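*Asks:* I have a structure I would like to understand better, so I am pasting it below and will then ask my questions one at a time.
The values are calculated or read from the model by the stated rules, or taken from the named source; none is laboratory data. Treat the numbers as computed from the prediction; the structure is a model and nothing was measured. We place every Cβ from the backbone using ideal geometry, glycine too, and count neighbours over all the protein chains shown. Surface accessibility is based on the protein's heavy atoms, side chains included, excluding ligands, DNA and RNA. Shrake-Rupley method; radii C 1.70, N 1.55, O 1.52, S 1.80 Å.
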Amino acid sequence: MKLAFKIKNLIPSPLAEQNLSNSEIWDTEELQIDSSKRYLVSAHSGKGKTTFLSILNGTRTDYSGEAILNEKLLSDFTPKDWAQLRREHISFVSQTLSLFPNLTALENIQLKNQLTHFLEESQIVEMAKQLEVEHLLYKNTETLSLGQKQRIAIIRSLCQPFQLLLLDEPFSNLDNVNIEKASQLISTHCEMQNAGFILASLGEEYFFKYDEKLNL
Ligand SMILES: Nc1ncnc2c1ncn2[C@@H]1O[C@H](COP(=O)(O)OP(=O)(O)OP(=O)(O)O)[C@@H](O)[C@H]1O
């Protein structure tokens, strides 16, 4: 299923008092986001990157204007609709990473994978090898460094079917070598799934080729 978001005059409540005239996303007449494309969304801290991705993911609803997915208002989606979208169509690497601290890295990855039986364990181990976290798969995530957690969260996001991957500053604790490896893994899996992504960044462009770059 292709995902086509349309947003019209969207203003999130926390930013309602701010001057949004320079934004290519907030308070624009109409913007279309297609799941087949790769987007870079750049902005300084506090401009609403997390808020934007959370609106597309259905976890924030405090905005004025319209947000539409495949001709249906997001506000009309039920919790069941969102659960299905997040299980099968939209994957998200959140800034907080949302890993369960008392589960191992592999258990965290498998929690999602078990919902859809998307990948074999051997494929997950292969991804962990590529990002050099294979030796951490049986460790509780509370014992991992932030950069290690980010790599586990990136792997977990790729272990489900999706047409659109939302990446909220996913490399903020990684060095360039790891960023390049993670970018390659993300690109490969997006291509395999015929999916696009939206990468929110403080300004860094990293190693991707983008179809569109938007300033928030
Ligand atoms: N639940 C909330 N209630 C009130 N204000 C909020 C809430 N969440 C975010 N904000 C405000 O909305 C603005 C945008 O926040 P958001 O987290 O989306 O920014 P960001 O661009 O992702 O920032 P960063 O780069 O620092 O992660 C900020 O000014 C923040 O203080």
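*Asks:* Taking only pairs six or more apart or across chains, which ones have beta-carbon atoms under 7 Å, a first residue in the stretch 87-103 that is assigned to a loop (DSSP other than H, G, I, E, B), and a second residue that is within 16 Å of the ligand (Cβ to nearest atom) and open to solvent by 20 Å² or more (accessible area, probe 1.4 Å)?
*Replies:* What qualifies is GLN95/THR50; GLN95/GLU169.
*Asks:* Then there's this: Here's a check for you: in the stretch 1-38, which residue that is away from the ligand (no atom under 15 Å from the Cβ) and of a type in the set (Ser, Thr, Tyr) is modelled with the lowest pLDDT?
*Replies:* Only one residue tops the list, namely SER21.
*Asks:* Which of the strands (runs of 3 or more DSSP E) found entirely inside the stretch 120-216 contain at least 3 residues meeting this: away from the ligand (no atom under 16 Å from the Cβ), under 17 Å from the mean Cα position of the chain (by Cα) and of a type outside the set (Ser, Thr, Tyr)? Let's see the steps before the verdict.
*Replies:* Details: elements: 164-168, 196-201, 212-215.
Once the strands (runs of 3 or more DSSP E) in the stretch 120-216 are filtered for at least 3 residues that are away from the ligand (no atom under 16 Å from the Cβ), under 17 Å from the mean Cα position of the chain (by Cα) and of a type outside the set (Ser, Thr, Tyr), nothing remains.
*Asks:* Right, something else. Restricting the stretch 1-48 to residues that are open to solvent by 70 Å² or more (accessible area, probe 1.4 Å) and of a type in the set (Gly, Ala, Ser), which is farthest from GLU88 (Cα to Cα)?
*Replies:* Of everything passing the filter in the stretch 1-48, SER21 is farthest from GLU88 (Cα to Cα).
*Asks:* Give the stretch 35-58 a look and list any residue that's of a type in the set (A, V, I, L, M, F, W, C) and part of a loop (DSSP other than H, G, I, E, B), or say none. Full working, then the answer.
*Replies:* Taking the stretch 35-58 and keeping what is of a type in the set (A, V, I, L, M, F, W, C), we get 40-41, 43, 52-53, 55-56.
Selection gives ALA43 alone.
*Asks:* Let me ask you something else. Find the residue count for the stretch 179-194, including only residues that are open to solvent by 10 Å² or more (accessible area, probe 1.4 Å) and touching a Leu at 6+ places or on another chain (Cβ under 7 Å).
*Replies:* 2
*Asks:* Right, next: Which one of the conditions (1) surrounded by fewer than 17 Cβ atoms within 10 Å (Cβ to Cβ); (2) more than 22 Å from LYS213 (Cβ to Cβ); (3) within 16 Å of the ligand (Cβ to nearest atom) does TYR63 fail to meet, given that it meets all the rest?
*Replies:* (1)
*Asks:* From the list PHE162, PHE171, pick out the single residue that is modelled with pLDDT of 95 or more, aromatic (Phe, Trp, Tyr), within 24 Å of GLY46 (Cα to Cα) and open to solvent by less than 40 Å² (accessible area, probe 1.4 Å). Walk me through it before giving the result.
*Replies:* Working: PHE162 fails: within 24 Å of GLY46 (Cα to Cα).
Exactly one residue qualifies, and that residue is PHE171.
*Asks:* Check whether at least one residue in the stretch 114-131 is among the aromatic types (Phe, Trp, Tyr) and touching a Gly at 6+ places or on another chain (Cβ under 9 Å), and report yes or no. First the steps, then the outcome.
*Replies:* Here is the first cut: in the stretch 114-131, the ones among the aromatic types (Phe, Trp, Tyr) are 118.
Okay, now just the ones that are also touching a Gly at 6+ places or on another chain (Cβ under 9 Å), so none.
No, the stretch 114-131 contains no residue that is among the aromatic types (Phe, Trp, Tyr) and touching a Gly at 6+ places or on another chain (Cβ under 9 Å).
*Asks:* Please state which of the following conditions TRP26 fails to meet, knowing it meets all the rest: (1) within 18 Å of GLU212 (Cα to Cα); (2) within 14 Å of the chain's Cα centre (by Cα).
*Replies:* For TRP26, the failing item is (2).
*Asks:* Restricted to the stretch 1-23, and to residues that are part of a strand (DSSP E or B) and closer than 14 Å to LEU53 by Cβ, which residue is nearest to the chain's Cα centre (by Cα)? Working first, answer last.
*Replies:* Kept after step one, since they are part of a strand (DSSP E or B), are these residues of the stretch 1-23: 4-12.
Filter once more, so that each one left must be closer than 14 Å to LEU53 by Cβ: 5, 7, 10, 12.
Numbers: PHE5: 15, ILE7: 18, LEU10: 20, PRO12: 19 Å.
Restricting to residues being part of a strand (DSSP E or B) and closer than 14 Å to LEU53 by Cβ, the top hit is PHE5.
*Asks:* Now for a separate question. Which residues, taken from the stretch 66-84, are of a type in the set (Asp, Glu) and open to solvent by 80 Å² or more (accessible area, probe 1.4 Å)? Show your work before the answer.
*Replies:* Step one: filter the stretch 66-84 for residues of a type in the set (Asp, Glu), giving 66, 71, 76, 81.
Listed by number, the residues that qualify are GLU71, ASP76.
*Asks:* Taking ILE68 and the conditions (1) within 19 Å of ASP34 (Cβ to Cβ); (2) in contact (Cβ under 8 Å) with a residue 60 or more places away in the chain; (3) within 16 Å of the ligand (Cβ to nearest atom), which numbered condition does it fall short on, given that it satisfies the others?
*Replies:* (3)
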